[in-house]
Amino acid sequence: MNVFHVFEERVKSALAALGEAGVLPQGLDFKAVTVEPPRDPSHGDLATNAALVLSKPAGKPPRVIAEALAEQLRADADVEKVDVAGPGFINLKLKPAYWTAQVAQIWKAGEAYGRSSVGQNQPINVEYVSANPTGPMHVGHCRGAVVGDALANLLQWAGYNVTKEYYINDAGGQVDTLARSAHLRYQQAAGRDIGEIPEGFYPGDYLVPVGQMLFEKYGEQYLDAPEAEWLQLFKKEATDQMMAMIREDLALLGIHHDVFYSERALHEDGSIAKTLADMEQAGLVYEGVLEKPKGEAADDWEPRPQTLFRASDFGDDSDRALKKSNGAWTYFAADIAYHKTKVDRGFTQLIDIWGADHGGYVKRMQAAVKAVSEGRVPLDVKLCQMVRLFKNGEPYKMSKRAGSFVTLADVVREVGKDVVRFMMLTRRSDAQLDFDFAKVVEQSRENPVFYVQYAHARIRSVMRKAVDAGLSVEGLDAIPAEQLERLSAPEEAALIQLACQWPRQVEAAAQAHEPHRVAFYLYDLAAAFHGLWNRGNDDPSLRFIVEDAELSRARLALIGAVAQVIRNGLAIMGVEPVEEMH
């Protein structure tokens, strides 16, 4: 149950009553009316902007509307106090019994607490990772992988119909290089001395087993054959092997995509040509000469007539080339065709997770999606800044099994999936993240992974101690309301109210496409729980297990509800909750 939704409906009902009474015009649109926590908790438990947003359409001063609405809300049996503040904000303080009753609601909802229908089952595509299939995943891919996966989980929790997608870049020159590098390893598997790996080839040892597989499968057939005979075949074989390796790497992080979409397929089935022909017919493409770009790299600029997309009509800084000088499609043309397939597949929102080095590509891609979807489908691109590796504050150089880079698998093996996933969400994705191998396993408040997991483990420990003390932990989901009302300490009330913010946090984070908000919230919830634990150390009457069995069970119900919220948050992040700390 979402307390803020409940009171939003009650506020709207009160406004409708004012309309029927002639205090407000009837038929007002209440869509902009919200109920949120006040900025200053001392002002109350909830605040509504109703009077401010309705003042203009109602033709009345906000204070007049606010006073009338406050009078209506004072009649609500769950409301203790209503104040009108400033220009017309209304602050509500709810009766303690209303809040304590929410503990039972959290238990009742259990694993579903915080799930929402705000997404209305809208189909939404989240494309993330999409690393070139030329080698194992490296640590640079790790952050986008976790951010994309957690965002997809978050959107599912908020009621969207989510497809997790990976775009395989298997049509560019890098795949030709992969095939040639694999052919070199194929020769090596046949017993030939290949010497130093030539400049421009992929040098990693991860291609050795690919060469062995090719030799076992094809024998000496392609050892001395001209490139034209084996290039396409080796491209497919090597790409398939790389994608199998990438899937294994992602599985180490608990990541499984629903769809793997091949760029090569777009070229082979004519999708690019068809998309561009449709765009031409719609007047979105023309032949022209681009002006030399100002202040940006002009490497791909040529003073010649080109096939151009009218990107500047859709918010981009300039129009964009769709064909290279040799007549081949540009990468951008393929990317337009690919995103057009997403529109054609019925998605009403698209989200792409990219590395920050692709920031200059965002506007043109958004322009293209706007054009091919006739403005119906928004594309949100989340940029992920790089991850820097440290150990005890010093830059950390791990041994690089893959050649020139640290693999994702190396990092996961060192500290575990859950630590990696949690840490990747402890900052906004567009802020640089420092990953310190010593700090992420440190048992301190400064380590958010430990701090949140420790809260859950402590609660599970209290439950075990309660059983040892002869207290029943059965039926905590059905404690009578008057027993829960004994949770009267200010710290207990604050913890309940914070736990009740969880459904609102899910919706807000999902609508902002910001999964890091979940990690931030869990840290705050853990801090409130640890604070209550510490108060019990100072004041024995506030301990969870006291001589009064009824009060003990009420407190066990409270912390059990907090543990449920932590588990639900960790589920979105793709992290397993810890039962006990070692």
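Gln188 meets the stated requirement of being under 24 Å from Gly211 (Cβ atoms) and surrounded by fewer than 20 Cβ atoms within 10 Å (Cβ to Cβ). Counting the residues of segment 1-40 that are part of a loop (DSSP other than H, G, I, E, B), within 19 Å of Gln505 (Cβ to Cβ) and among the aliphatic types (A, V, I, L, M) gives 1.
One residue alone among Ala228, Ala244 is modelled with pLDDT of 95 or more, small (Gly, Ala, Ser), on the phi < 0 side of the Ramachandran plot and open to solvent by 90 Å² or more (accessible area, probe 1.4 Å), and that residue is Ala228. Under the condition of being more than 22 Å from Met424 (Cβ to Cβ) and without any contact (Cβ under 8 Å) to a residue 12 or more places away in the chain, which residue from segment 505-542 is surrounded by the most Cβ atoms within 10 Å (Cβ to Cβ)? Residue satisfying both the conditions and the ranking: Gly536.
Going through segment 84-123 one residue at a time, which ones are outside any helix (DSSP H, G or I) and touching a helix residue (DSSP H, G or I) at 6+ places or on another chain (Cβ under 6 Å)?
Correct list: Val84, Pro87, Gly88, Ile90, Asn91, Tyr113, Gly114, Arg115, Ser116, Val118.
Cβ-Cβ contacts under 6 Å between residues 6 or more apart (or on different chains), taken from a first residue in segment 271-287 that is under 9 Å from Phe309 (Cα atoms) to a second residue that is charged (D, E, K, R) and open to solvent by 70 Å² or more (accessible area, probe 1.4 Å), are listed as Leu284/Arg310. Of the candidates Glu80, Glu71, the single residue that is free of Cβ contacts under 8 Å to residues at least 12 places away in the same chain and over 30 Å from Thr407 (Cα atoms) is Glu71. For the residues Leu556, Leu487, the requirement of being within 34 Å of the chain's Cα centre (by Cα) and buried (at least 17 other Cβ atoms within 10 Å of the Cβ) singles out Leu556.
Whether a residue is surrounded by 20 or more Cβ atoms within 10 Å (Cβ to Cβ) and modelled with pLDDT of 95 or more was assessed, and Leu570 passes this test. Taking the criterion of being farther than 22 Å from Gly172 by Cβ, open to solvent by 10 Å² or more (accessible area, probe 1.4 Å) and of a type outside the set (A, V, I, L, M), would at least one residue in segment 146-156 satisfy it? Within segment 146-156, one or more residues are farther than 22 Å from Gly172 by Cβ, open to solvent by 10 Å² or more (accessible area, probe 1.4 Å) and of a type outside the set (A, V, I, L, M).
Checking the structure you have, find out if any residue of segment 69-76 is under 18 Å from Gln497 (Cβ atoms), open to solvent by less than 60 Å² (accessible area, probe 1.4 Å) and not aromatic (Phe, Trp, Tyr). Among the residues of segment 69-76, at least one is under 18 Å from Gln497 (Cβ atoms), open to solvent by less than 60 Å² (accessible area, probe 1.4 Å) and not aromatic (Phe, Trp, Tyr), which makes the answer yes. Apart from one condition, Thr177 fits all of (1) in a helix (DSSP H, G or I); (2) touching a residue at least 60 places away in the same chain (Cβ under 8 Å); the exception is (2).
Listed conditions (1) assigned to a loop (DSSP other than H, G, I, E, B); (2) in contact with a Ser or Thr (Cβ under 6 Å, 6 or more places away or on another chain); (3) closer than 30 Å to Val406 by Cβ are all met by Val129, apart from (2). Examine segment 526-545 for a residue that is under 20 Å from Met581 (Cβ atoms), touching a helix residue (DSSP H, G or I) at 6+ places or on another chain (Cβ under 9 Å) and among the β-branched types (Val, Ile, Thr), and state whether such a residue exists. Yes, segment 526-545 contains at least one residue that is under 20 Å from Met581 (Cβ atoms), touching a helix residue (DSSP H, G or I) at 6+ places or on another chain (Cβ under 9 Å) and among the β-branched types (Val, Ile, Thr). Restricting Val362, Val381, Val377 to those that are part of a loop (DSSP other than H, G, I, E, B) and crowded, with 16+ Cβ neighbours inside 10 Å reduces the list to Val377. Among the residues making up segment 32-48, those that are out of contact with any helix residue (DSSP H, G or I) (no Cβ under 9 Å at 6 or more places or on another chain) and open to solvent by 30 Å² or more (accessible area, probe 1.4 Å) are Arg39, Asp40, Ser42, His43.
Applying the condition of being in contact (Cβ under 8 Å) with a residue 40 or more places away in the chain and of a type outside the set (A, V, I, L, M, F, W, C) to segment 5-34 and asking which residue is nearest to Glu71 (Cα to Cα) yields Arg10. The number of residues in segment 170-185 that are among the aliphatic types (A, V, I, L, M) and open to solvent by 10 Å² or more (accessible area, probe 1.4 Å) comes to 2.
When Ser318 is tested against (1) surrounded by fewer than 20 Cβ atoms within 10 Å (Cβ to Cβ); (2) in a helix (DSSP H, G or I), exactly one condition is not met: (2). The numbered conditions (1) surrounded by 13 or more Cβ atoms within 10 Å (Cβ to Cβ); (2) at positive phi are all true for Asp249 except (2).
Considering (1) more than 22 Å from Lys164 (Cα to Cα); (2) open to solvent by 40 Å² or more (accessible area, probe 1.4 Å); (3) not aromatic (Phe, Trp, Tyr), the lone condition that Met279 does not fulfil carries the number (2).
The values are calculated or read from the model by the stated rules, or taken from the named source; none is laboratory data. The structure presented is a predicted model; accordingly, all values stated were derived computationally and were not measured. Using ideal geometry, Cβ is built from the backbone for each residue, glycine included, and neighbour counts are taken over all protein chains shown. Ligands, DNA and RNA are excluded from the accessible area calculation, which covers all protein heavy atoms including side chains. Shrake-Rupley method; radii C 1.70, N 1.55, O 1.52, S 1.80 Å.
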